[in-house]
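Note sheet for the following structure.
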């Protein structure tokens, strides 16, 4: 892959050229492209901006320090996309930056910040997160509900219940009910000393395969970590790794599938064993 040529295309005046260039950078984790991706988060085209932020987020710790530096001097829409990139790094070091962003002038930054604090399980920041329930923006209030669901403490559950009582919008109430169900399940598991790994619906992860392949991989991997007895995540991961010529990871996935299904659903083992035999043969 000629990264220098792709970066040149990322600066092209033709938006279609830029779109094609940003797609080629998906999954790349090279410090060489970080600065240009940060610039691309301010592109005139929303698709390019979002994709650039997504790639930066998927780079994780590699891009974190540069993201923070740029984030601190940005504002408005530009800061919004950098906030999203930071959220996707899932780095606990970003927690205090997101706490400060709860009072940001841009509603998009506030929404991303609160959602990030929930995903990072920042229980000790619940007082700050709860400020979002009084936000004038509906989306920020909704993000606060989901964050409370992620944190899953008795205090966050009380906040969801209170918000549901005070809100008149039916869709918001439905979201509260969904977040409440999740929070109560997580809290019960914590009280029983269990660990629950939250997984997205497979249908949604399949959508990510088209728009954010690395996120799709990360989400499928959660099914493996949790040893979920569903064959689709294992099958999709094996296919993705094969397409990427990543045979070591494909073999790892197949072996994990055989291990899990041998215990619970032995009738499912044959598919994975045959695929593994072909690789080994």
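Over the stretch 55-135, the alpha carbon radius of gyration divided by the compact-protein estimate 2.2 N^0.38 Å works out to 0.99. Under a GNM of the chain (C-alpha, springs under 10 Å), which listed residue has the highest mean-square fluctuation: 113, 147, 216? Comparing 113, 147, 216 in a Gaussian network model of the chain, the most mobile one is 216. Note on the stretch 4-26 and the stretch 138-182: Cα centroid distance 40 Å, given to the nearest whole angstrom.
Of 234, 241, the sequence from fewest to most neighbouring Cβ atoms within 10 angstrom is 241, 234.
If the Kirkwood radius is taken over C-alpha pairs of the stretch 109-155, then at 25 °C and 0.890 mPa s the Stokes-Einstein diffusion coefficient equals 245 µm²/s. Computed across the stretch 127-281, the Kirkwood hydrodynamic radius from all distinct Cα-Cα pairs reaches 17.9 Å. In this simple spin-label approximation, residue 20 and residue 221 carry label points 7 Å from Cα along the Cα→Cβ vector, and these lie 3.1 nm apart.
Values of log10 I(q)/I(0) for the stretch 202-280 across q = 0.12, 0.19, 0.24 Å⁻¹ run -0.30, -0.75, -1.14, by the Debye formula with one identical scatterer at each alpha carbon and no solvent. How high is the FRET efficiency from residue 277 to residue 230, r the C-beta distance, R0 25 Å, rounded to 0.05? Efficiency for this residue pair is about 0.65. Segment residue 62..residue 251, full-extension length gain: 65.4 nm, with 0.36 nm per residue of separation and the alpha-carbon distance subtracted. With contacts taken as Cα pairs under 8 Å at a separation of at least 6 residues, the chain carries a relative contact order of 9 percent.
With contributions of -39500 (n - 2.57) from each DSSP H run of at least four residues, the per-residue ellipticity at 222 nm computed over the chain stands at -22500 deg cm²/dmol.
For the stretch 164-203, the orientation-averaged shadow of the C-alpha convex hull comes to 3.8 nm² (one quarter of the hull surface). Exposure proxy for 262, 156: other Cβ atoms within 10 Å of each Cβ, ordered fewest to most, give 262, 156. The distance separating the Cα centre of the stretch 44-60 from that of the stretch 63-122 comes to 14 Å.
For the stretch 44-77, the residues whose backbone nitrogen is under 15 Å from a point 7 Å from the Cα of residue 29, taken along Cα to Cβ, are 55-65. Label separation (residue 96 vs residue 47): 4.1 nm, computed from points 7 Å beyond Cα along the C-beta direction. Ranked by how many other Cβ atoms sit within 10 Å of their own Cβ, fewest first, the residues 68, 217, 114, 160 fall in the order 68, 217, 160, 114. Averaging the sequence gap over all C-alpha pairs within less than 8 Å and six or more residues apart, then dividing by the number of residues, gives the stretch 69-123 a relative contact order of 37 percent. Note on the stretch 3-191: Kirkwood hydrodynamic radius from all Cα pairs is 17.4 Å, rounded to one decimal. Label sites at residue 73 and residue 264, each approximated as a point 7 angstrom past Cα along Cα to Cβ, lie 5.0 nm apart. For the chain, modelled as a GNM whose springs connect Cα atoms under 10 angstrom apart, the maximal fluctuation among 104, 170, 158 occurs at 170.
Among 237, 126, 200, the largest mean-square fluctuation in a Gaussian network model of the chain (Cα springs under 10 Å) belongs to 200.
Every number here is computed from the coordinates shown, using simple stated rules; none is lab data. What you see is a predicted model; the values in this text were computed from it and never measured. Cβ: placed from backbone, ideal geometry, glycine included. Neighbour counts: every protein chain shown.
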